[in-house]
Structure formats: C-alpha cells, structure tokens
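What follows is a short report on a single structure.
Values in this text are rule-based calculations from the coordinates and carry no lab data. Computed from a predicted structure; not experimentally measured. Heads up, the Cβs are rebuilt from the backbone with ideal geometry, glycines too, and the neighbour counts pull from every protein chain shown.
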Amino acid sequence: MSETRPLVEGAPDARPHRLETQGLVLSYGDRPVVDDLSVTIPDGRITVIVGANGCGKSTLLRGMARLVRPVRGAVLLDGKSVHDTPSKEVARVLGLLPQAPVAPEGITVTDLVGRGRYPHQGWFRQWGAADDEAVAHALAATGTTELADRRIEDMSGGQRQRVWIAMALAQETDLLLLDEPTTYLDLSHQVDVLDLLTDLNRERGTTIVVVMHDLNLACRYADHMIAMAEGAVAAEGPPSEVVTPELVQRVFGLESLVVADPVSQTPTVVPIGRHHCAERV
Amino acid sequence: MTAYAPSAASRTSGIARVGVRSVRRVRRHARTRSTTVCLGLVVALVVVAGAGLVLGDFPLTLDQLVATLLGQGTTASSFIVLGLRLPRVLTGLLVGVCFGLSGTTFQNLLRNPLASPDIIGISYGASAGGVLAILLLGWTGMAVSGAALGGALVSAGLIYALAWRGGLSGYRFVLVGVGVSALMLAVVDYLMTRADVYEATAALVWLTGSLNGSSATQLEPLALACLVLVPLTLLSGRALLVLQLGDDVAASVGLRVEAARLVAIVLGVMLAAVATAAAGPVGFVAFVAGPIAKRLTRGSGPSLVPAALVGAVVVVLSDVAGQHLLPVELPVGVVTAAVGAPYLLWLLVRSNRAGVGG
C-alpha cells in the first residue's frame, strides 16, 4: 500500500486533498433537499455543519461522500467528480462515518476496525503487515488498544463510537466526514469524541467535516462553520464571525442571546423561550 | 498523505508495537478457531458420508467399503456403492453445500437471520418452475432443472421489485419474500390438484425434498454448477464482509453496493435453484447452516466455508437418519424440516422478546 502510505517523510504526495461542491442539487424523490449549493471545505481544518432538522445538512454530507447521487451539479475531489472516480480510489482519500452505524452480532473491535481496510485490498492484495499496522495505529489513536479483543455489544456507547471512529481511521483517508458522531452520547463522551477529532486534525492534519446538533459545542470545536437553512448555506466562516442572534433566528427560528463561552471565548448561544426568562438586560 | 503516514520513529514506537502484536494475536485467534471448526466439520462429513455408504439392506464393513472405493470390490458391492449409494451421498453433500452457501449469503446480505431462500420463497419458486414444467409442459431431465432455475429467478425478481423502495431493507425483503413463498407454494398445490396420480408422484419431490431419485446422471449437472457457483460465491465473501456493516459504511469504504448486492443475490438464487433442481426444496438447510456455523466459529464474518460444510453435514446426516435410523423411512426434507422448524419458532419468539422483530 505504498502509494497511499508513504513511509518516508516529505514524500511527493504532500499536497492536501480539496473537497468542494458546485451547484449541488440533491433530492429524495422529487423534493430537493440540497438546492444549488456551492461550498469549499477548508483543507486541514475542522468544519462543522449546523442547521435545524430537515435543513439538508446530513444529506449534504452524504452527498459529499457519494452516498446520494446529485440531480445536478457536482462534488469535486481535487477537481474531479467523486461520482466519476472509481469508488475505491475515492475511499482511499475520503471516509465517512454514517449516523448510528450497526455492527454485526459478536464482532470484535479488531475485526470491525480491520474492515476499514477494504479500499486498500483487492483480489491480489490480501491482508498484510501494512493492514495490521494501520489497525494498530487506529486503535492507539482512539485509545482502544486495550479493547482489541472485546466484542462491540459488550461496550458502552462512548467506547463504541471510538471504535467506529477507529474503523474510519484505519481507512487512512485525508478527509474524514462524520454524521452526528455525538448524538447518542452523554455530555462527557461528546466532549471526548470532539477532543479526539481535534487531536486527529492537529496531529495528522486530517480535514474533518462534522454534522452536529449542539450549537455551542459546534462553536467551540469548529475552525469553520457552515450554517444551513432550507437546503442552502445561510452563512459560513469562523464561528466568532458567523454566529449572531440574527443567524440563530434565521436558521433555527429561535430568539437568543449570543455571549462568549467563558472557557473557550467562542460564541455561546443562550436560547430565549417563552418561560423562565428573567428581566432582560 | 504524509500527514497520515506516521514517521519511521513513531511506527516502531512502543505503543504501536504492542498494538500491532495484539491486532495480530486477535486475528490469529479467530483464524485458528475457524480453521479448527472447518477441519472438525470435514471429519464429521467423512463420517456421515461413510455411514451413508455402508448402511442399508446390503451392509458393508469398512474394509469392504475401502476396497470398493478403490475399485477392488465385488460386482455386487461395486454396483451398490458406486452405482446407488455414492451418487446419493454426493448429491446430498453438494445440495447441502449449495443451500448452506445460499442461505448464509442471503442472511448476511440482508442482515436478517430469516432471509434464507427456503423462507423467502426462492426454493419454492424453483419448485413451482419444476412442477410447471413436468405437469403442464411434459418436460423431463435437464429441461426441468432449467425451469426450476427460471422459477427461482422469477421469484427473486418479484421479491426484489416489490421490496425495492429506492433502496433495499432486509426486513421488507423478508416480508415480501414470505408472501412470494406462499404464492409459489399455491402454484405448486394448484398444479398438483390438476395432475393425475402418476404425474403427481413424479412431481412430489418438488414439495418435500428427497434424495430417493438421485443418480449419477442427475449428479453431473449439479457438480458442474457447483464447480462454477461455489468459487464465485466464496470470492463474493469479501464484499459481504463490508455489506454486513450496512449500505452506508460499505459505500464509504469503496464498495459499489448495488452491483455487489445484485451479484450476491444472483449467486444465492442460482445456488438455491440448482440444489432444488437436484433434490427438491430440502427445507431449513439454508436457514440453519449459517447460524450453526457462526455459533461454532464464534466469528462475525459471513463464515461461508463453515456454512457450506454445515449444510453438507446436515443434509447427508438427515438422509442417513431418514433412511436407516428412524422407525419409518422418511425423505430427507421431512427430517431437516423436523429439525429446522423448532429453530425457526425459537428465533421468532426470541426476536420478538428482544423487540427487534427478526
């Protein structure tokens, strides 16, 4: 697998991969969910896509990972349409962890993570030392090495999510897309997963795109934020520039205050409902 | 990609070395267990096949059997072993391999233990094709096998078309399949009521599954079909390995999901059809082979080879039991159904309790 894993530092393939969409239209049935959307994902950064339910953010992510065929427009990876590139070739550069994936009964951590090696194997390239190493590195990066021989069903939700991320890492892609990786986790595991993704980004330069619901955690962890409403981009940029009460109103239909997060100094959205609001300042 | 390639130093760092060792250990453990199970199943298969060859109205000793198989038997023993019993045992063995592979392919593909060709109407589709050819068209021999294959493909096409909603859900596929199964069985029943007694007897094998009519001439097309289908199915196992994780994950790691699934379904249908053409719809073999294999290997992959071996052992053993061990002589399909049906009930009860609905 030398062509995808240069052993020597400073190998020629140091150029980061570029993911963008151009006039992308995605639909389920005849209802367009993503409408004429053009974005460029910043290389080597963490991009978080936020928006209300049904705004098309998950569909956009699935479209970028070629799981949904565009009606019009294109998803370009290094300038080439992902739908016109051999699927395995794309899978060596671009990985997606779907929302709530289901593991077969009785599967061990090592077995599951190993299946992420699929794009690096073929009829004549069976499992080899490079695959063992990739799995070991993925386990080490996600702190799951001690769980190597455990079965998935015996593990907690947080551990499971780490193992799935390890599977995506074993795929060794420069771009990693994650669809709501924190949704079914409690708060400490949400922070845990987001810290892990930040480590990957900072240490390996992996470009990360995450769809998530928690606006405040999104503001804290995103280098770049894409806010979506009705299948289009409502705003994009660094959270500190993008997140305003007006945007929250436009995207979520919610009145709010935006204050500074005392821990990270990133924006924090404080919702204003009909009840429990003290005299406003 | 440099960002991802760990430097030479980190590659050999302590943590990584330990990690690689434990990855190798876990993988070796699973491989060893699977190999041991396969060897055990081969031994079991040799034993039950041997029993099938020596037992009967003309019992043989082991010495006589070995001599006969080496071509040094008497005229009588050669005729009985090579002419009668061996074709029957080999037909049973290959039918078991086909059903085992077909069943486990469908179950892994659709991620549902109920999705085996005998439950979802693929086998009965083959039956309907065969009975139609015999009773309405007056066909015989290979033409009937062709009709059985056609029936199975029509059945599968019908299920695929009715269950397709811009994607394939294993659950819907099974429900539609159970309906198609009833439809195909109704076709067989209707044709039987219109047939005269003599024809109906000839067509009866298409209802229960039996090795009574096995002969060398019937074995040949089955063996040829296995020679093509079995290796292709084993090759498709790599795709099943990622399809097990769901369509989204499979597509993300670079599998062309629809194409891979179509290939696996066609292979599974053809395996079930050639087995049904040779011995009728031997019930529940396809259904139990995969789960038994999985229980033995404790693996989570498609376990294709162990499932094929389990299928072969189940069919040959059930046929030996039906002929010699039970008080009345029964066709193999009745014996396998008697064993498989309780498992189906257990599975339904258990999955309902677990709230996953099969």
Determine the relative contact order of segment B:244-358: mean sequence separation of Cα pairs under 8 Å and six or more apart, normalised by residue count, in whole percent.
-> 21 percent
Please order B:106, B:173 by the number of other Cβ within 10 Å, starting at the fewest.
-> B:173, B:106
Mean separation of Cα pairs under 8 Å and 6+ residues apart, divided by the residue count of chain A: what relative contact order is that in percent?
-> 22 percent
What net charge do the residues around residue A:190 carry, taking every other residue with its C-beta under 13 Å from that of residue A:190, with Lys and Arg at +1 and Asp and Glu at -1?
-> -3
Test item: Cα-centred dipole of the protein assembly as shown, Lys/Arg +1 and Asp/Glu -1 on Cβ, debye | 980 debye
Among B:32, B:222, B:326 the positive-end extreme of the charge dipole of chain B (Cβ point charges) | B:32
extent check for segment A:46-156: Cα max minus min per principal axis, descending, whole Å, gives 45, 39, 27
Residues meeting the amide H criterion for residue A:229 (H placed from the backbone, H to H distance under 5 Å, 5 or more places apart or on another chain) are A:234
Diffusion coefficient, µm² s⁻¹, Stokes-Einstein with Kirkwood Rh over alpha-carbon pairs of segment B:39-116 at 10 °C and 1.306 mPa s | 112 µm²/s
Determine the distance separating the Cα centre of segment B:139-156 from the Cα centre of segment B:253-268; give it in Å without decimals.
-> 23 Å
Tally Lys/Arg at +1 and Asp/Glu at -1 over every other residue whose Cβ is under 13 Å from the Cβ of residue B:28; what's the total?
-> +3
Where the Cα pairs of segment B:154-310 fall when distances are cut into 5 Å bins, in % = 1, 8, 13, 18, 20, 18, 11, 6, 4, 2, 0, 0
What are the ³J(HN,Hα) values, in whole Hz, obtained from phi via the Karplus relation 6.51 cos²θ - 1.76 cosθ + 1.60 with θ = phi - 60°, for each residue of segment B:56-63 in sequence order, with x given for Gly and Pro?
-> x, 5, 10, x, 10, 7, 4, 4
When you have a sec, figure out the Kirkwood radius of segment A:166-218 from all distinct Cα pair distances and drop it here in Å to one decimal?
-> 11.5 Å
Report the equivalent ellipsoid semi-axes for segment A:105-205 in whole Å, largest first, defined as the square roots of five times the eigenvalues of the gyration tensor built from alpha carbon atoms.
-> 22, 17, 11
Size of segment B:98-140 along its principal axes in angstrom, Cα-based, largest extent first?
-> 40, 16, 10
Longest principal axis of chain B (C-alpha) makes with the long axis of helix B:304-320 (C-alpha) an angle, in degrees to the nearest 10, of 20 degrees
Just counting partner chain Cβ atoms within 10 Å, what average do the residues of peptide A:99-112 show around their Cβ?
-> 5
Looking at segment A:102-245, send over the antiparallel percent of its DSSP beta bridges, to the nearest 5.
-> 55 percent
Can you run phi through the Karplus equation (6.51, -1.76, 1.60; θ = phi - 60°) for segment A:92-106 and list ³J(HN,Hα) in whole Hz, with x for Gly and Pro?
-> 7, 10, 10, x, 10, 9, x, 6, 6, x, 10, 8, x, 4, x
Do you know the relative contact order of chain B, to the nearest whole percent, from alpha carbon pairs under 8 angstrom that are 6+ apart?
-> 28 percent
State whether the protein assembly as shown is rounded, prolate or oblate according to the following rule on the C-alpha gyration tensor (a ≥ b ≥ c being the square roots of its eigenvalues): a/c under 1.5 gives rounded; otherwise a/b larger than b/c gives prolate, and the remaining case gives oblate.
-> prolate
Sorted on mean Cβ neighbours within 10 Å (highest first), peptides A:174-182, B:222-230 come out as A:174-182, B:222-230
Using only Cα atoms, tell me the angle between helix A:187-204 and the longest principal axis of chain A; keep it within 0 to 90° and round to the nearest 10.
-> 60 degrees
Principal axis box of segment A:201-252, alpha-carbon based, largest edge first, Å = 36, 21, 17
Per residue convex hull volume, Cα only, chain A, in Å³ is 158 Å³
For a quick protection proxy, order the peptides B:46-59, B:306-319 by their average other-Cβ count within 10 Å, most packed first.
-> B:306-319, B:46-59
Sort segment B:225-358 into rounded, prolate or oblate with this rule: let a ≥ b ≥ c be the square roots of the eigenvalues of the Cα gyration tensor; rounded if a/c is under 1.5, and if a/c is not under 1.5, prolate when a/b is larger than b/c, oblate otherwise.
-> oblate
Report, in deg cm²/dmol and to the nearest 500, the calculated mean residue ellipticity at 222 nm for chain B, where each DSSP H run with n ≥ 4 adds -39500 (n - 2.57) and the sum is divided by the residue count.
-> -24500 deg cm²/dmol
Chymotrypsin sites (Phe, Trp or Tyr not before Pro), restricted to segment A:162-237: which are DSSP loop and have at most 16 other Cβ atoms within 10 Å?
-> A:184
Roughly how big is segment A:18-60's charge dipole about its Cα centre, with Cβ charges of +1 (Lys, Arg) and -1 (Asp, Glu), in debye to the nearest 20?
-> 160 debye
HN-Hα J in Hz across segment B:67-72 - Karplus 6.51, -1.76, 1.60, θ = phi - 60°, x for Gly and Pro | 4, 5, 5, 8, x, 10
Using only the alpha carbon atoms of segment A:194-281, find the Kirkwood hydrodynamic radius as the inverse mean reciprocal pair distance, in angstroms to one decimal.
-> 14.2 Å
Just report the Cα centroid separation between segment A:197-215 and segment A:121-180, whole Å.
-> 17 Å
Taking K and R as +1 and D and E as -1, what net charge do the other residues with C-beta under 13 Å from the C-beta of residue B:80 add up to?
-> +1
Charges only on Cβ, +1 for Lys and Arg, -1 for Asp and Glu: so what's the dipole of chain A about the Cα centre, in debye to the nearest 20?
-> 540 debye
Cα shape, segment B:94-239, gyration tensor, a/c 1.5 rule = oblate
